[in-house]
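Novice: Okay, here's the structure, questions in a sec.
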Amino acid sequence: MGREYANIIVDISHEKLDKTFQYRIPERLQDQIEPGMRVMIPFGAGNKLIQGYVMECGDTPEYDPGKLKEIESVAAGQVTAESTAIRLAVWMKEQYGSTTNQALKMVLPVKKTVKGIVKKTIVSNMDRARWQTALEGYERKHQEARIRLAKELMEQNRLPYELVTDKLGVSSAMLRSMEEKGQIRVESENQYRNPIGDIRREEPLALSSEQQAIVDDIMSHRRKGHGRKYLIQGITGSGKTLVYIHLIRQVIEMGQQAIVLIPEIALTYQTVLRFYKAFGDRVTVVNSRLSPGEKYDQFMRAKQGEVDVVIGPRSALFVPFERLGMIIMDEEHEGSYKSETMPKYHAREVAFELASYYNASVVLGSATPSLEANYLCEQGQMTKYRLTRRLTGGTLPEVHIADMRRELKEGNRSIFSRQLHEMMEERLRRKEQIILFLNRRGYSGFVSCRTCGEVMQCPHCDVSLSEHRNGTLVCHYCGYTIRKPETCPSCNSRYLMGFKAGTQQIEEALWREFPEGKTLRMDADTTRQKDSYEEILSAFANREADILIGTQMIVKGHDFPGVTLVGILAADLSLHVNDFRAGERTFQLLTQAAGRAGRGQLPGDVVIQTYQPEDMYIQYASRQDYDGFYREELEYRELMEYPPVAHMMCVQAFATEERRGLGLITKLTKELRIAAKQGGSLPTGERKPEPGGAGTVSVIGPAPAGVGKVKDVYRFVSYVKSPDRQVLVRLKDDLERVIRELPLTDREYVQFDFDPMNI
């Protein structure tokens, strides 16, 4: 690619990041200029030299070349966090497909219009004798407010502004008058919001020999300056978090900083508290529950070196650290690490790229690693460690499988199998705690007519409406809401009935069958308010309830020593999702749920209720057999050419007219089939087809998306598979060129999704 011109962004602190300016690259700098680089450029009518960041280089001028200004120089000084962020945005745009603006907004701490916190202090400019003289004058004139302030400043020469205005009754106008006379001065200091208040620091627990060996090995590489990648596979309760804390302590002692990624659903007060106790005010948290002001302040605290550790979901990757030494990614198998908005990046891949800029280490951790992470270990790209013992010294729980088909045949129509019912009675007698996990993944309650079979559908989306207890039917995609009709709109039958298995129904069954048990329910309805999530978990941890009922949010990394029984209801629902990862997710979810039992001194039991007890994923989960699951699942992926053995690119076409959407995806799929015959690239006149030959690329589609319409927008997909990810990236580039030449309206657009997590 030519390097005669550079597109440069100037003001990266402003909300509007959609404006770049093109400059000529002088011949003396052509070997130096790279995307992400900080440069000095003449700007404005006066050609004042200002700082800018190179977004991309090319050989095509967007304006009259004679009117373009030249880059003056490469900016002096060390590489900044901003330039690293720009470089990362360029990489994400290339690898995942998006606009420059979308990539920039993802990585940069865009300043919102949020009123900051300013701490003001009144400072005396006079000695005690001069205040005494002034005080006598105030007393003669009966100026009570000035008298109070003078007396206070004679005793101490610095007073909080709020104290003076609120408690002493001195107006801001009076303070300005005294400041103009030189009697006082008002000092202002910007303060950043801290989402968690002061917490007393505590020394972390000592490591076991198994944990210490892992820390020693990773840090031996770190001290030599090696930026390597690691996977810690630890059984539930084996103390992965303690390993992270000890790693971070040593990284900080080296003068470096650390990012800790935790899935949003597991980012609880209980989890964060452990890091705050270890690192005090040198750690902060970034998550979706922070206000815009709090979130921006945490980015600024990191940029100014006030914190050493940032904890958060995938967006924490973009905190502007300049001395990054380690990225830790806990529960790395979680699907929430994949962004579903453009650019559709995976946090694991971005963490690897970001770490390469700083020569930093990356540590992944999970009891049930993703196939992708384990496959990288097998390929020699990561080092794998195992934690095989629970910190409490206890063993993994005993798992029982309840065949609900047999229960039904033998007359049990309860939500609970007889074995689970008996075990719950026993736990309640012994004052031990119980978790009931409802596996609702892939299931949606719907309402249908028992006479004609009509299902109540959303008119704007290709999905059924879900019934809520207040008598409404709601679309969980667009929010469309109506009252539940009295009769079927198709045949006027009165038999409109809901099919629903929810936490509310389980709670009601518990009230009937175990009236002595105190219950807590955690689901989308009970966690709407800020902090309600933490309040429920804290109440259960404090033994204020005997039974905790919930969906997958209750099985993500929580540690309740009093829980000795976990009941998994509807274990097989997630097997029926139309996605090649359905089995892997079921295995991970059941294994994680089972791991909540017996984490204290008492042994634990788990009852898995299923209509498919012979299913391989349920069997492997019941045995906690990750290696067996991995081997069998990888054979299936190899056979079908699915990730991680091969790579997939999903091409998604959106349109408000079904005909135009289908036409768009058909055109793009035709181009992809031409590329498959060309060995993985379209002939552009600028690049010859890449070597590899036909057969290295396979194309599937086009077809309507799994949900074919959302908010009146039709959705179509095609899939492309190749063993080489860069072949797919080249195809994405070629398709972007084709799309730019198509006469599309603003009601039609295309997105790309590499190795999609939700088919």
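The values are calculated or read from the model by the stated rules, or taken from the named source; none is laboratory data. Everything numeric here is computed off the predicted structure, so don't read it as measured data. We place every Cβ from the backbone using ideal geometry, glycine too, and count neighbours over all the protein chains shown. Surface accessibility is based on the protein's heavy atoms, side chains included, excluding ligands, DNA and RNA. Shrake-Rupley method; radii C 1.70, N 1.55, O 1.52, S 1.80 Å.
Novice: Please verify whether I259 is of a type in the set (V, I, T) and either in a helix (DSSP H, G or I) or open to solvent by 20 Å² or more (accessible area, probe 1.4 Å) (or both), treating the condition exactly as stated.
Specialist: no
Novice: Just checking, which of R390, R405 is out of contact with any strand residue (DSSP E or B) (no Cβ under 8 Å at 6 or more places or on another chain) and within 30 Å of D216 (Cα to Cα)?
Specialist: It is R390.
Novice: Of the numbered conditions (1) touching a Pro at 6+ places or on another chain (Cβ under 9 Å); (2) in a helix (DSSP H, G or I); (3) of a type in the set (S, T, N, Q), Q212 satisfies every one except a single condition; which is it?
Specialist: (1)
Novice: What are the residues in the stretch 63-75 that are within 24 Å of L88 (Cα to Cα) and either open to solvent by 90 Å² or more (accessible area, probe 1.4 Å) or of a type in the set (V, I, T) (or both), if any?
Specialist: I71, V74
Novice: Evaluate the stretch 167-183: report whether one residue or more is open to solvent by 60 Å² or more (accessible area, probe 1.4 Å), modelled with pLDDT of 90 or more and assigned to a loop (DSSP other than H, G, I, E, B).
Specialist: Checked the stretch 167-183: at least one residue is open to solvent by 60 Å² or more (accessible area, probe 1.4 Å), modelled with pLDDT of 90 or more and assigned to a loop (DSSP other than H, G, I, E, B).
Novice: Run G305 past the list (1) assigned to a loop (DSSP other than H, G, I, E, B); (2) in contact (Cβ under 8 Å) with a residue 40 or more places away in the chain; (3) open to solvent by 10 Å² or more (accessible area, probe 1.4 Å) and report the number of the one that doesn't hold.
Specialist: So the condition that G305 fails would be (2).
Novice: Okay, moving on. Can you give me the number of residues within the stretch 136-153 that are assigned to a helix (DSSP H, G or I) and open to solvent by 30 Å² or more (accessible area, probe 1.4 Å)?
Specialist: So the count comes out to 8.
Novice: Still on this structure, I have one more. Starting from residues that are in a loop (DSSP other than H, G, I, E, B) and open to solvent by 30 Å² or more (accessible area, probe 1.4 Å), keep the ones in the stretch 226-248 and report whichever is nearest to T388 (Cα to Cα).
Specialist: Filtering the stretch 226-248 for residues that are in a loop (DSSP other than H, G, I, E, B) and open to solvent by 30 Å² or more (accessible area, probe 1.4 Å), the one nearest to T388 (Cα to Cα) comes out as I235.
Novice: For the stretch 215-241, what are the residues that are under 11 Å from G365 (Cβ atoms) and out of contact with any Phe, Trp or Tyr (no Cβ under 6 Å at 6 or more places or on another chain)?
Specialist: Y230, L231, Q233, G234, S238, G239, K240, T241
Novice: I've got another one for you. When the residues of the stretch 509-532 are filtered to those that are assigned to a helix (DSSP H, G or I) and modelled with pLDDT of 85 or more, which remaining residue is most open to solvent (accessible area, probe 1.4 Å)?
Specialist: R512
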